[in-house]
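Asker: This structure is in C-alpha coordinates; I'll ask about it shortly.
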Amino acid sequence: MNEDLTIFFCIGVQKSGTTILARILDQHPDIACMWESYAFKPRLKASIFHPESDSWRKHGFAEADVRRWSARWGGRPGAALRRLVRRVTGTDYVGMIQFRHTMSPALADFARRCNATVVGDKWPWYIDYLEETMQAFPNARFIYNVRDPRGIWNSAQRFKQRERGDEILQEMLQRDRFIAPYLSRPNFLTLRYRDLIRQPEKTARRLYEFLGCEFDPAYLVYDPAQDPYPQRWSWISQASRPLDPWQTEKWRVEVPAETQARLTAESRWFIEKYGYDK
(Lines give C-alpha, C1' and ligand atoms only; values in the text may rest on other atoms or scores of the structure.)
Protein backbone atom coordinates (compact mmCIF):
# COMPACT_ATOMS: atom_id res chain seq x y z
CA MET A 1 0.00 0.00 0.00
CA ASN A 2 1.32 3.43 -0.96
CA GLU A 3 1.88 5.18 2.37
CA ASP A 4 1.41 8.57 0.68
CA LEU A 5 -2.22 7.83 -0.19
CA THR A 6 -4.99 9.37 1.88
CA ILE A 7 -7.71 6.77 2.52
CA PHE A 8 -11.36 7.52 3.22
CA PHE A 9 -14.66 5.68 3.61
CA CYS A 10 -18.17 7.06 3.08
CA ILE A 11 -20.57 5.58 5.61
CA GLY A 12 -24.14 5.95 6.81
CA VAL A 13 -27.26 4.21 5.60
CA GLN A 14 -28.70 3.43 2.19
CA LYS A 15 -30.86 6.15 0.57
CA SER A 16 -29.08 8.86 2.59
CA GLY A 17 -27.31 10.34 -0.44
CA THR A 18 -23.98 8.54 -0.24
CA THR A 19 -23.88 7.95 -4.01
CA ILE A 20 -24.15 11.69 -4.73
CA LEU A 21 -21.51 12.24 -2.05
CA ALA A 22 -19.21 9.73 -3.72
CA ARG A 23 -19.66 11.30 -7.13
CA ILE A 24 -18.87 14.81 -5.86
CA LEU A 25 -15.75 13.47 -4.18
CA ASP A 26 -14.73 11.58 -7.29
CA GLN A 27 -15.10 14.66 -9.48
CA HIS A 28 -12.03 16.18 -7.81
CA PRO A 29 -8.98 15.35 -9.98
CA ASP A 30 -6.97 14.18 -6.96
CA ILE A 31 -9.72 11.96 -5.52
CA ALA A 32 -10.89 8.52 -6.66
CA CYS A 33 -13.95 6.96 -5.04
CA MET A 34 -15.06 3.40 -5.54
CA TRP A 35 -18.78 2.67 -5.49
CA GLU A 36 -19.92 0.02 -3.00
CA SER A 37 -17.19 -2.59 -2.99
CA TYR A 38 -19.08 -4.85 -0.56
CA ALA A 39 -15.58 -5.68 0.63
CA PHE A 40 -16.72 -7.41 3.82
CA LYS A 41 -19.24 -9.49 1.82
CA PRO A 42 -16.94 -11.27 -0.68
CA ARG A 43 -19.42 -14.09 -1.31
CA LEU A 44 -22.08 -11.72 -2.61
CA LYS A 45 -22.09 -11.11 -6.35
CA ALA A 46 -22.21 -7.38 -5.61
CA SER A 47 -18.67 -7.57 -4.17
CA ILE A 48 -15.62 -6.52 -6.15
CA PHE A 49 -13.96 -9.61 -4.67
CA HIS A 50 -16.44 -12.01 -6.29
CA PRO A 51 -15.13 -13.26 -9.67
CA GLU A 52 -18.67 -13.47 -11.10
CA SER A 53 -19.54 -9.89 -10.15
CA ASP A 54 -19.70 -7.12 -12.72
CA SER A 55 -18.68 -4.60 -10.06
CA TRP A 56 -14.96 -5.17 -10.45
CA ARG A 57 -15.31 -4.81 -14.22
CA LYS A 58 -17.08 -1.46 -13.76
CA HIS A 59 -14.07 -0.32 -11.73
CA GLY A 60 -11.50 -1.64 -14.22
CA PHE A 61 -9.86 -4.26 -12.00
CA ALA A 62 -7.94 -7.12 -13.58
CA GLU A 63 -9.64 -10.51 -13.33
CA ALA A 64 -6.43 -12.15 -12.12
CA ASP A 65 -6.28 -9.76 -9.17
CA VAL A 66 -9.93 -10.33 -8.32
CA ARG A 67 -9.46 -14.10 -8.33
CA ARG A 68 -6.42 -13.79 -6.08
CA TRP A 69 -8.33 -11.57 -3.64
CA SER A 70 -11.29 -13.94 -3.73
CA ALA A 71 -9.03 -16.87 -2.90
CA ARG A 72 -7.62 -14.94 0.04
CA TRP A 73 -11.11 -14.44 1.47
CA GLY A 74 -11.99 -18.06 0.72
CA GLY A 75 -9.19 -19.26 2.95
CA ARG A 76 -10.51 -17.70 6.15
CA PRO A 77 -11.85 -19.81 9.07
CA GLY A 78 -15.49 -20.86 9.22
CA ALA A 79 -18.29 -18.44 9.98
CA ALA A 80 -19.07 -20.04 13.35
CA LEU A 81 -15.51 -19.49 14.59
CA ARG A 82 -15.48 -15.90 13.35
CA ARG A 83 -18.78 -15.17 15.07
CA LEU A 84 -17.42 -16.62 18.31
CA VAL A 85 -14.27 -14.48 18.13
CA ARG A 86 -16.33 -11.38 17.40
CA ARG A 87 -18.74 -12.10 20.24
CA VAL A 88 -15.87 -12.52 22.72
CA THR A 89 -13.64 -9.68 21.52
CA GLY A 90 -16.12 -7.34 19.86
CA THR A 91 -14.05 -7.41 16.67
CA ASP A 92 -13.88 -9.74 13.68
CA TYR A 93 -10.08 -9.97 13.64
CA VAL A 94 -10.00 -12.54 10.86
CA GLY A 95 -12.23 -10.41 8.66
CA MET A 96 -10.18 -7.33 9.50
CA ILE A 97 -6.94 -8.99 8.40
CA GLN A 98 -8.48 -10.30 5.18
CA PHE A 99 -9.98 -6.88 4.51
CA ARG A 100 -6.63 -5.16 4.98
CA HIS A 101 -4.78 -7.61 2.73
CA THR A 102 -7.31 -7.33 -0.10
CA MET A 103 -8.62 -3.78 0.13
CA SER A 104 -5.16 -2.22 0.41
CA PRO A 105 -4.02 -3.38 -3.06
CA ALA A 106 -7.49 -2.71 -4.51
CA LEU A 107 -7.47 0.90 -3.34
CA ALA A 108 -3.86 1.41 -4.43
CA ASP A 109 -4.58 -0.01 -7.89
CA PHE A 110 -7.70 2.11 -8.34
CA ALA A 111 -5.85 5.25 -7.22
CA ARG A 112 -3.01 4.53 -9.64
CA ARG A 113 -5.35 4.10 -12.60
CA CYS A 114 -7.23 7.29 -11.69
CA ASN A 115 -4.04 9.30 -11.03
CA ALA A 116 -5.33 10.07 -7.54
CA THR A 117 -3.55 10.79 -4.27
CA VAL A 118 -6.75 10.38 -2.24
CA VAL A 119 -8.77 7.18 -2.60
CA GLY A 120 -11.72 5.63 -0.85
CA ASP A 121 -14.89 3.62 -1.04
CA LYS A 122 -18.53 4.53 -0.66
CA TRP A 123 -20.32 1.66 1.06
CA PRO A 124 -22.81 2.68 3.78
CA TRP A 125 -22.46 -0.67 5.54
CA TYR A 126 -18.91 0.08 6.68
CA ILE A 127 -20.68 1.43 9.75
CA ASP A 128 -21.38 -2.21 10.67
CA TYR A 129 -17.64 -2.96 10.47
CA LEU A 130 -16.36 0.29 11.89
CA GLU A 131 -13.84 -1.12 14.36
CA GLU A 132 -12.50 -3.58 11.80
CA THR A 133 -12.14 -0.84 9.20
CA MET A 134 -10.36 1.51 11.61
CA GLN A 135 -7.96 -1.23 12.69
CA ALA A 136 -7.22 -2.20 9.09
CA PHE A 137 -6.66 1.46 8.11
CA PRO A 138 -5.68 3.39 11.27
CA ASN A 139 -5.18 6.67 9.40
CA ALA A 140 -8.38 6.49 7.37
CA ARG A 141 -10.91 9.31 7.35
CA PHE A 142 -14.65 8.70 7.57
CA ILE A 143 -17.43 10.77 6.02
CA TYR A 144 -20.78 10.16 7.68
CA ASN A 145 -23.85 11.21 5.70
CA VAL A 146 -27.29 11.82 7.24
CA ARG A 147 -30.67 12.74 5.74
CA ASP A 148 -33.93 14.23 6.96
CA PRO A 149 -35.90 11.26 8.38
CA ARG A 150 -38.99 12.17 6.35
CA GLY A 151 -36.89 12.42 3.20
CA ILE A 152 -35.11 9.11 3.67
CA TRP A 153 -38.43 7.40 4.44
CA ASN A 154 -39.92 8.77 1.21
CA SER A 155 -36.91 7.74 -0.86
CA ALA A 156 -36.78 4.21 0.58
CA GLN A 157 -40.54 3.83 0.26
CA ARG A 158 -40.57 4.74 -3.43
CA PHE A 159 -37.26 3.30 -4.67
CA LYS A 160 -38.16 0.55 -7.14
CA GLN A 161 -41.54 0.29 -5.35
CA ARG A 162 -39.93 -1.64 -2.50
CA GLU A 163 -41.78 0.19 0.29
CA ARG A 164 -38.89 -0.03 2.76
CA GLY A 165 -39.43 3.38 4.35
CA ASP A 166 -39.94 2.27 7.95
CA GLU A 167 -37.11 -0.27 7.76
CA ILE A 168 -34.51 2.14 6.39
CA LEU A 169 -35.56 4.95 8.72
CA GLN A 170 -35.10 2.73 11.77
CA GLU A 171 -31.75 1.63 10.36
CA MET A 172 -30.59 5.25 10.20
CA LEU A 173 -31.77 6.05 13.72
CA GLN A 174 -30.15 2.94 15.21
CA ARG A 175 -26.88 3.49 13.40
CA ASP A 176 -26.74 7.11 14.47
CA ARG A 177 -26.99 6.05 18.11
CA PHE A 178 -24.18 3.57 17.52
CA ILE A 179 -21.82 5.96 15.77
CA ALA A 180 -22.44 8.98 18.02
CA PRO A 181 -19.34 8.40 20.25
CA TYR A 182 -17.07 8.41 17.19
CA LEU A 183 -18.30 11.59 15.54
CA SER A 184 -16.22 14.00 17.64
CA ARG A 185 -12.97 12.41 16.47
CA PRO A 186 -10.87 14.51 14.08
CA ASN A 187 -10.91 11.82 11.39
CA PHE A 188 -14.73 11.84 11.21
CA LEU A 189 -16.78 14.37 9.25
CA THR A 190 -20.58 14.55 9.44
CA LEU A 191 -22.62 16.18 6.71
CA ARG A 192 -26.26 16.45 5.76
CA TYR A 193 -27.61 15.36 2.38
CA ARG A 194 -29.60 18.60 2.35
CA ASP A 195 -26.43 20.71 2.52
CA LEU A 196 -24.75 18.62 -0.16
CA ILE A 197 -27.61 19.34 -2.57
CA ARG A 198 -28.61 22.88 -1.59
CA GLN A 199 -25.19 24.31 -0.70
CA PRO A 200 -22.81 22.28 -2.88
CA GLU A 201 -19.95 24.78 -2.95
CA LYS A 202 -19.85 25.29 0.81
CA THR A 203 -20.22 21.57 1.48
CA ALA A 204 -17.68 20.51 -1.14
CA ARG A 205 -15.15 22.92 0.37
CA ARG A 206 -15.59 21.15 3.72
CA LEU A 207 -15.24 17.76 2.08
CA TYR A 208 -12.15 18.57 0.07
CA GLU A 209 -10.50 20.38 2.98
CA PHE A 210 -11.18 17.37 5.21
CA LEU A 211 -9.30 15.21 2.70
CA GLY A 212 -6.49 17.73 2.22
CA CYS A 213 -7.56 18.86 -1.25
CA GLU A 214 -8.11 22.29 -2.74
CA PHE A 215 -11.51 23.47 -3.97
CA ASP A 216 -12.50 24.71 -7.40
CA PRO A 217 -16.13 25.30 -8.49
CA ALA A 218 -15.35 23.43 -11.71
CA TYR A 219 -15.13 20.20 -9.71
CA LEU A 220 -18.87 20.37 -9.03
CA VAL A 221 -19.75 19.80 -12.69
CA TYR A 222 -20.00 16.14 -13.61
CA ASP A 223 -18.71 15.29 -17.08
CA PRO A 224 -19.07 11.60 -18.00
CA ALA A 225 -16.44 12.07 -20.69
CA GLN A 226 -13.88 12.87 -17.98
CA ASP A 227 -14.92 9.91 -15.81
CA PRO A 228 -12.75 6.84 -16.50
CA TYR A 229 -15.40 4.53 -15.02
CA PRO A 230 -18.85 6.18 -15.42
CA GLN A 231 -20.62 2.82 -15.30
CA ARG A 232 -20.00 2.81 -11.54
CA TRP A 233 -23.03 5.02 -11.02
CA SER A 234 -25.47 3.12 -13.24
CA TRP A 235 -27.48 1.64 -10.34
CA ILE A 236 -28.71 5.09 -9.23
CA SER A 237 -29.95 7.10 -12.22
CA GLN A 238 -29.86 10.43 -10.34
CA ALA A 239 -26.16 9.97 -9.58
CA SER A 240 -25.06 11.30 -12.96
CA ARG A 241 -27.61 14.13 -13.13
CA PRO A 242 -27.19 17.75 -11.96
CA LEU A 243 -27.92 18.37 -8.27
CA ASP A 244 -31.62 19.05 -7.76
CA PRO A 245 -32.77 20.88 -4.58
CA TRP A 246 -36.26 19.46 -5.08
CA GLN A 247 -34.89 16.09 -3.97
CA THR A 248 -34.54 17.48 -0.43
CA GLU A 249 -38.08 18.90 -0.27
CA LYS A 250 -40.34 16.59 -2.25
CA TRP A 251 -41.23 14.53 0.81
CA ARG A 252 -43.36 17.47 1.96
CA VAL A 253 -45.61 16.88 -1.06
CA GLU A 254 -45.28 13.13 -1.57
CA VAL A 255 -45.64 11.90 2.03
CA PRO A 256 -49.20 12.05 3.46
CA ALA A 257 -49.64 14.51 6.34
CA GLU A 258 -50.50 11.82 8.88
CA THR A 259 -47.39 9.86 7.91
CA GLN A 260 -45.26 12.99 8.20
CA ALA A 261 -46.59 13.52 11.72
CA ARG A 262 -45.78 9.93 12.69
CA LEU A 263 -42.27 10.08 11.26
CA THR A 264 -41.59 13.41 12.96
CA ALA A 265 -42.69 12.01 16.31
CA GLU A 266 -40.61 8.84 15.92
CA SER A 267 -37.44 10.67 14.96
CA ARG A 268 -37.82 13.94 16.88
CA TRP A 269 -34.48 13.55 18.68
CA PHE A 270 -32.67 13.02 15.35
CA ILE A 271 -34.45 15.99 13.76
CA GLU A 272 -33.39 18.22 16.65
CA LYS A 273 -29.85 16.86 16.71
CA TYR A 274 -29.20 17.66 13.04
CA GLY A 275 -31.24 20.86 12.82
CA TYR A 276 -34.06 19.80 10.51
CA ASP A 277 -37.43 21.57 10.40
CA LYS A 278 -40.03 19.97 12.66
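Asker: Can you spot a residue in the stretch 170-183 that is over 30 Å from THR91 (Cβ atoms), of a type outside the set (A, V, I, L, M, F, W, C) and modelled with pLDDT of 95 or more?
Answerer: Within the stretch 170-183, the subset over 30 Å from THR91 (Cβ atoms) is none.
Checked the stretch 170-183: no residue is over 30 Å from THR91 (Cβ atoms), of a type outside the set (A, V, I, L, M, F, W, C) and modelled with pLDDT of 95 or more.
Asker: Within the stretch 117-140, which residues are more than 12 Å from the chain's Cα centre (by Cα) and part of a strand (DSSP E or B)?
Answerer: Scanning the stretch 117-140 gives VAL118, VAL119.
Asker: Also: Starting from residues that are at pLDDT below 95 and among the acidic types (Asp, Glu), keep the ones in the stretch 45-102 and report whichever is farthest from ALA136 (Cα to Cα).
Answerer: Among residues in the stretch 45-102 that are at pLDDT below 95 and among the acidic types (Asp, Glu), the one farthest from ALA136 (Cα to Cα) is ASP54.
Asker: Just to verify a result, which residue in the stretch 194-203, among those that are touching a Ser or Thr at 6+ places or on another chain (Cβ under 8 Å) and touching a residue at least 24 places away in the same chain (Cβ under 8 Å), is surrounded by the fewest Cβ atoms within 10 Å (Cβ to Cβ)? Before the answer, list the steps.
Answerer: Here is the first cut: in the stretch 194-203, the residues touching a Ser or Thr at 6+ places or on another chain (Cβ under 8 Å) are 194-198.
Those still in the list that are touching a residue at least 24 places away in the same chain (Cβ under 8 Å) too: 194, 196-198.
Values: ARG194: 22, LEU196: 23, ILE197: 19, ARG198: 16.
That would be ARG198.
Asker: Moving on. Going by the conditions given, is PRO224 farther than 24 Å from ARG141 by Cα, free of Cβ contacts under 8 Å to residues at least 40 places away in the same chain and not aromatic (Phe, Trp, Tyr)? So that I can check it myself, show each step before the final result.
Answerer: Working: farther than 24 Å from ARG141 by Cα: yes; free of Cβ contacts under 8 Å to residues at least 40 places away in the same chain: yes; not aromatic (Phe, Trp, Tyr): yes.
Yes: the conditions hold for PRO224.
Asker: Here is a further query. Would you check if PRO242 is surrounded by fewer than 16 Cβ atoms within 10 Å (Cβ to Cβ) and either in a loop (DSSP other than H, G, I, E, B) or touching a Leu at 6+ places or on another chain (Cβ under 6 Å) (or both)? Lay out the reasoning, then the answer.
Answerer: Numbers: surrounded by fewer than 16 Cβ atoms within 10 Å (Cβ to Cβ): yes; either in a loop (DSSP other than H, G, I, E, B) or touching a Leu at 6+ places or on another chain (Cβ under 6 Å) (or both): yes.
Yes; evaluated as a whole, the condition is true for this residue.
Asker: Out of all the residues in the stretch 25-35, which are crowded, with 24+ Cβ neighbours inside 10 Å and out of contact with any Cys (no Cβ under 8 Å at 6 or more places or on another chain)?
Answerer: Within the stretch 25-35, MET34, TRP35 qualify.
Asker: May I pose another question? For the stretch 96-113, what are the residues that are surrounded by fewer than 22 Cβ atoms within 10 Å (Cβ to Cβ) and not acidic (Asp, Glu)?
Answerer: MET96, ILE97, ARG100, HIS101, SER104, PRO105, ALA108, ARG112, ARG113
Asker: While we're looking at this one, here's another question. Being crowded, with 22+ Cβ neighbours inside 10 Å and not acidic (Asp, Glu) is the filter; apply it to the stretch 138-148 and report the residue that is nearest to GLN260 (Cα to Cα).
Answerer: Step one: filter the stretch 138-148 for residues crowded, with 22+ Cβ neighbours inside 10 Å, giving 142-148.
Those still in the list that are not acidic (Asp, Glu) too: 142-147.
Details: PHE142: 31, ILE143: 28, TYR144: 25, ASN145: 22, VAL146: 18, ARG147: 15 Å.
Filtering the stretch 138-148 for residues that are crowded, with 22+ Cβ neighbours inside 10 Å and not acidic (Asp, Glu), the one nearest to GLN260 (Cα to Cα) comes out as ARG147.
Asker: Related question: Just one of ARG206, ARG252 is within 25 Å of LEU130 (Cβ to Cβ), surrounded by 13 or more Cβ atoms within 10 Å (Cβ to Cβ) and out of contact with any Ser or Thr (no Cβ under 7 Å at 6 or more places or on another chain); which is it? Quick ask: steps written out before the conclusion?
Answerer: Values: ARG252 fails: within 25 Å of LEU130 (Cβ to Cβ).
Only one candidate passes the filter, namely ARG206.
Asker: Residue check: is LEU191 part of a strand (DSSP E or B), surrounded by 16 or more Cβ atoms within 10 Å (Cβ to Cβ) and either at pLDDT 95 or above or of a type in the set (D, E, K, R) (or both)? Step through it out loud before you land on a result.
Answerer: Working: part of a strand (DSSP E or B): yes; surrounded by 16 or more Cβ atoms within 10 Å (Cβ to Cβ): yes; either at pLDDT 95 or above or of a type in the set (D, E, K, R) (or both): yes.
In short, yes.
Asker: Right, another one. Can you tell me which residues in the stretch 214-225 are modelled with pLDDT of 90 or more, surrounded by fewer than 16 Cβ atoms within 10 Å (Cβ to Cβ) and part of a helix (DSSP H, G or I)?
Answerer: Result: PRO217, ALA218.
Asker: Another one. Looking at (1) under 19 Å from the mean Cα position of the chain (by Cα); (2) within 20 Å of GLY12 (Cβ to Cβ), find the lone condition where LYS202 falls short.
Answerer: Failed condition: (1).
Asker: Please verify whether ILE197 is in a helix (DSSP H, G or I), of a type in the set (A, V, I, L, M) and within 23 Å of LEU243 (Cα to Cα), treating the condition exactly as stated. Please lay out each step first, then the result.
Answerer: Values: in a helix (DSSP H, G or I): yes; of a type in the set (A, V, I, L, M): yes; within 23 Å of LEU243 (Cα to Cα): yes.
For ILE197, the condition - in a helix (DSSP H, G or I), of a type in the set (A, V, I, L, M) and within 23 Å of LEU243 (Cα to Cα) - is met.
Asker: Could you check the stretch 263-278 and list, in sequence order, the residues that are in a helix (DSSP H, G or I) and surrounded by fewer than 15 Cβ atoms within 10 Å (Cβ to Cβ)?
Answerer: First, pick out the residues of the stretch 263-278 that are in a helix (DSSP H, G or I): 263-266, 268-273.
Result: ALA265, ARG268, TRP269, GLU272, LYS273.
Asker: Taking the stretch 33-51, which residues are over 13 Å from the mean Cα position of the chain (by Cα) and either part of a strand (DSSP E or B) or β-branched (Val, Ile, Thr) (or both)?
Answerer: Across the stretch 33-51, the qualifying residue is only ILE48.
Asker: Also, I was wondering about something else. In the stretch 197-216, what count of residues is obtained for those that are of a type outside the set (D, E, K, R) and more than 28 Å from ASP4 (Cβ to Cβ)? Break it down stepwise before answering.
Answerer: Quick first cut of the stretch 197-216, residues of a type outside the set (D, E, K, R) only: 197, 199-200, 203-204, 207-208, 210-213, 215.
Filter again for more than 28 Å from ASP4 (Cβ to Cβ), leaving 197, 199-200.
Total satisfying the criteria: 3.
The values are calculated or read from the model by the stated rules, or taken from the named source; none is laboratory data. What you are looking at is a predicted structure, and each value in this text was computed from that prediction instead of being measured. Glycine gets a Cβ as well: all are built from the backbone with ideal geometry, and neighbour counts include every protein chain shown.
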